[in-house]
1. Between the stretch 182-198 and the stretch 86-145, what is the C-alpha centre distance in whole Å?
2. Expressed in nm to one decimal, what extension gain is obtained for the pair Arg233 and Thr294 from 0.36 nm per residue of sequence separation less their Cα-Cα distance?
3. Quick one: Karplus J couplings for the stretch 44-61, per residue in order, coefficients 6.51, -1.76, 1.60, θ = phi - 60°, nearest Hz, x for Gly and Pro?
4. Between Ala225 and Ala337, what FRET efficiency follows from the Cβ-Cβ distance if R0 is 25 Å, with the result rounded to 0.05?
5. Cut-off 10 angstrom, C-alpha nodes, Gaussian network model of the chain. Which of Gly70, Gly50, Gly252 fluctuates the most?
6. Which of these, Ser216, Ser269, Ser228, has the largest mean-square fluctuation under a Gaussian network model of the chain (Cα springs below 10 Å)?
7. Taking 0.36 nm per residue of separation and subtracting the Cα-Cα distance, what length does fully extending Thr51 through Asn37 add?
8. Go ahead and run the numbers for FRET between Thr140 and Ala80, Cβ-Cβ distance against an R0 of 30 Å, rounding to 0.05.
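Computed from the coordinates by the stated procedures, all read-outs in this text should not be read as laboratory data. A quick note: this is a predicted structure, and the numbers were derived from the prediction, not measured. Here Cβ is always computed from backbone atoms with ideal geometry, including for glycine, and neighbour counts include all displayed protein chains.
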Amino acid sequence: MSAATMSIDAHIAVPERGVDCRISIPGAGLIALLGPNGSGKSTVLAALAGTLTPARGHARLDQSVLFDVGDPGAGTIDAAARRITLVTQKDDLFPSLTVLDNVAFGIRARGVSRADARAAAHQHLAAGDLEDLADRRPATLSGGQARRVAIIRALAAEPRALLLDEPFAGIDVEAAIAVRGLVRQAGRTITTVIATHDAADAWGLADHVVVLDSGSVADAGTTQAVLSQPVSRFAAAMAGRVLLRGTAAATGLTLDDGTVVAAELCGLSPGDAALVAISPRHVQVTEAVNGDVTDVVARIEHHGDAMRVWGHLLAADVDPEQGVDLRVGDPISFALAPRPELYSPTR
C-alpha cells in the first residue's frame with residue numbers, strides 16, 4: 001500500500017466533548033471529515049495527531065498503533081514521533097521567524113543542516129508559488145497567505161499523514177482556490193484528512209467521506225456513495241439532499257402513508273426496503289398532474305437570487321418570480337426531473 005493510500009482505523013472517545021466515534025477507512029489519498037461546528041471533527045484530528053489523549057479507544061495508521069487506551073501493552077507513539085502533522089485554523093506559524101525559516105524548521109527537525117534545510121524550503125515555497133514571501137514575517141501575511149505557508153511548512157516536514165482543520169475557513173475566495181490546489185496536490189502523495197462543514201469541499205477533493213453528527217459517525221464511505229446515496233437523514237442534509245425511506249415499487253418509492261415518489265428501481269425488486277436521496281435542484285414546482293407529489297409549503301428560504309421551497313416531503317429550488325406568491329401552508333405539487341434512483345439502505 002502506497003503512502004497515499006494508508007488505512008485508518010480508529011475509535012476515539014472523549015466524553016467531555018461528547019465524542020465517541022469509530023472510523024475505518026481501508027485506504028484513501030484524501031479523506032473529508034464532514035460535519036457542522038461542534039460535531040467532533042477537531043477532536044478526532046487532535047486525537048490522531050497526538051495533541052489530545054482520548055479517554056477510550058485506539059488509532060492505527062496502516063500497521064502503526066498510534067495509541068490503544070484499552071491495551072497498555074500496545075504502547076503509544078508520542079505526538080512528535082507519529083509524523084502526523086496537524087494544521088489548525090490558527091496556522092501556528094512562528095512569529096519571530098521569516099516564512100523561509102518557518103518552512104525550514106520542520107526540515108531541520110529531521111537532522112538536515114541549516115543551509116540544506118533553507119535550500120529545500122526555497123524549493124517548497126517555489127513549488128507553492130510563494131517564493132516572493134520568503135523574507136516576510138507571519139504578521140505581515142494575509143490570512144490566505146498564512147494558511148498556504150502553514151500547509152507548505154507541514155508538507156516540507158514529510159509527514160506520513162497531513163491533517164487540516166477547516167483549511168478554507170476565514171480566508172477569501174481567491175485564497176481558498178489556491179489552498180484547495182495545495183490540498184489536492186497533497187492528497188496525491190500522502191494521506192490527507194480535511195475537516196470541513198461544506199459538502200462542496202468533499203465533492204471537489206475527497207476520495208472518502210466520514211460524516212460526523214454530535215460526536216458519532218452518521219455515515220462513511222466513498223465520496224460518491226455517501227453524498228449521492230446517504231443512509232442517514234443527517235448525512236443527506238449535509239449533502240444538500242432530502243432522504244426518503246420506503247418500499248420499492250414498479251413505479252418508484254412507496255412511503256408508509258401510501259404516497260408514491262416516482263423513481264427508478266436500479267437493481268432493486270418491488271417490495272425491497274429502499275431509499276432515495278433527492279436534490280432540490282432536480283425538483284420542480286408544477287401544476288398538480290398524475291405522478292407528481294402533492295405537499296404543503298412548510299417553509300421558504302431565500303439564498304441571494306435563489307429560493308428554496310420546502311414541503312413536508314420534498315424541497316425545490318425555484319426562481320423567485322415563480323415562488324413570489326407562495327406562502328407557508330399553501331398546497332403545492334412537486335415534479336422530479338430526472339427521476340432519481342432507488343438504492344438499498346445497506347451498502
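1. 19 Å
2. Numbers: separation 61, 0.36 × 61 = 21.96 nm, distance 2.12 nm.
Stretched fully, the Arg233-Thr294 segment lengthens by 19.8 nm.
3. Computed from phi, the couplings for the stretch 44-61 are 4, 4, 5, 5, 5, 6, x, 8, 9, 9, x, 6, 9, x, 8, 8, 10, 10 Hz.
4. 0.60
5. In this elastic network of the chain, the residue with the biggest mean-square fluctuation among Gly70, Gly50, Gly252 is Gly70.
6. Ranking Ser216, Ser269, Ser228 by mean-square fluctuation puts Ser269 first.
7. Full extension of this stretch gives 3.1 nm more.
8. 0.55
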